[in-house]
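Below is one structure, written out as structure tokens; the observations come after it.
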Amino acid sequence: MQRNPRRKKRVTLRDVAKHAGVSPKTVSNVLNDWPYVSDETRRRVQASIDALGYRQSILAASLRTGRTKTIGVVIPDITNPFFGQVVRGCEDVLYNAGYSIFLCNTNEDAAKERTYLDILANRRVDGLLLFGAHSSSEELTAAVHGEIPIVAEDSPAESDNTTVIDIDNSAGAAMAVRHLLDLGHKRIAHLGGPSERAAANGRHEGYQQALEAAGVDYDPALVIRCKPTMRGGYHAALQLLGDEQPAALFCYNDLMAIGAMVACRRLGLEIPDDVAIVGFDDIAMASLVTPILTTVRVQQYEMGRLASELLLKRLGDDEEVPGRVKVPVELIVRGSCGAKRMSSLQVSLILERLLDSDLVDLAPCESDESHVASQASCVTPDS
């Protein structure tokens, strides 16, 4: 039986000091970029580090500085491209600032979210970024013992150590529904997200407000809340598109809208002639389905960058960090509710942008899209 090779002895800070002919304190000063070290000594220590293959202990460094240089990032659905772009924005900012991230996916499970918050607090992360949070302000504060700075999106949480990023959900939903009303639709259904999500409630509120402002009665029978996935949107749309089908669907997010489009095809319904559909988020797939999806655009990558920048300000004890920041949205009108069809050249331009941008922004360029309702071609309104 072959014996396992003996493990190589780990190189210590003292080994580096001996090799370089300096004290362990001097090596520590070099590692921590202490300014009062001569260039010659710094070069000699670095040469010894390279020669011996020394790796600094993160645990030891954190004990000295009180910082782990790690950030916890919690998202509700790792399969949703929206959160992929958000996390990419977060990581770009944090990496450049010298931080690593722990990424946690809750799968829309509030209990799992609380478990991850406990784990991240025990791992002594320096800060937390929460997206689509289920936890209340009290639960968040209790989970981190009020010690860890937090930036949370889609959260009711407000406290001294928390900044909340608010997507303008109500305004975005109202824009989408007003557009459908302007096209002549009156029977507009809403495929809503989970009631535990602040964003879902905000979009439902905007839907109601737009109907009421237009003098259209709110009908609870036209509202179904479900899991914010393609499967959830598909099954919810099948329920709604019965004998008294709505003329239009406003969906909590693009994944649900795409699921609703699949349901329409299964039922033999034409989009937008039989049913107009509007989503929310403007994920990459919204530009790849047929017809291209009308949606409310959220700048996902930029929102991730903003969240990380706000967290870094909190970590730097910046007194000017706001408690709440509003993220604007924009209605993007495309073919799923009646915008004019794109030419093959315009489609080619979109595909070129897909390759060039690496999925950052797949929306058509300004000349390819209609941003206002007056530019949309007519859709047969319901009587």
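Structure values in brief
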{"read-out": "Qualifying residue in the stretch 250-273 (condition: in the same structural domain as Q209 (by TED's automatic domain parsing), over 21 Å from V327 (Cβ atoms), touching a His at 6+ places or on another chain (Cβ under 7 Å) and not acidic (D, E))", "value": "no"}
{"read-out": "Any hit, the stretch 271-284, residues being among the acidic types (D, E), under 15 Å from the mean Cα position of the chain (by Cα) and crowded, with 24+ Cβ neighbours inside 10 Å", "value": "yes"}
{"read-out": "Residue pairs meeting the criteria (Cβ under 8 Å; at least 6 apart or on separate chains; first closer than 19 Å to T79 by Cβ, in the stretch 274-288; second aromatic (F, W, Y) and assigned to a loop (DSSP other than H, G, I, E, B))", "value": "F280/Y252"}
{"read-out": "Residue list for the stretch 214-241, restricted to those being in a helix (DSSP H, G or I), surrounded by fewer than 20 Cβ atoms within 10 Å (Cβ to Cβ) and among the small types (G, A, S)", "value": "A221"}
{"read-out": "Some residue of the stretch 72-90 being part of a helix (DSSP H, G or I), modelled with pLDDT of 90 or more, of a type in the set (D, E) and under 30 Å from the mean Cα position of the chain (by Cα)", "value": "no"}
{"read-out": "Residues of the stretch 103-135 classified as under 15 Å from the mean Cα position of the chain (by Cα) and not in a loop (DSSP other than H, G, I, E, B), total", "value": "7"}
{"read-out": "Residues of the stretch 170-212 satisfying the condition of being in contact (Cβ under 8 Å) with a residue 40 or more places away in the chain, small (G, A, S) and in contact with a Phe, Trp or Tyr (Cβ under 9 Å, 6 or more places away or on another chain)", "value": "G172, A173, A176, A189, G192, G193, A199, A200"}
{"read-out": "Residue that is surrounded by the fewest Cβ atoms within 10 Å (Cβ to Cβ) [pool: residues in the stretch 22-38 that are in a loop (DSSP other than H, G, I, E, B) and touching a helix residue (DSSP H, G or I) at 6+ places or on another chain (Cβ under 7 Å)]", "value": "S23"}
{"read-out": "L181 vs. criteria buried (at least 18 other Cβ atoms within 10 Å of the Cβ) and farther than 27 Å from N107 by Cα", "value": "yes"}
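Rundown of residues vs (1) at pLDDT below 95; (2) β-branched (V, I, T); (3) within 24 Å of H134 (Cβ to Cβ); (4) not in a helix (DSSP H, G or I), yes/no style:
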position: Q209; (1), (2), (3), (4): no, no, no, no
position: E212; (1), (2), (3), (4): no, no, no, no
position: D243; (1), (2), (3), (4): yes, no, no, yes
position: I277; (1), (2), (3), (4): no, yes, no, yes
position: L306; (1), (2), (3), (4): no, no, yes, no
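The values are calculated or read from the model by the stated rules, or taken from the named source; none is laboratory data. Computed from a prediction, not measured in an experiment: that's the story for all the values here. Ideal geometry is used to build each Cβ from the backbone, glycine not excepted, and the neighbour counts take in all protein chains shown.
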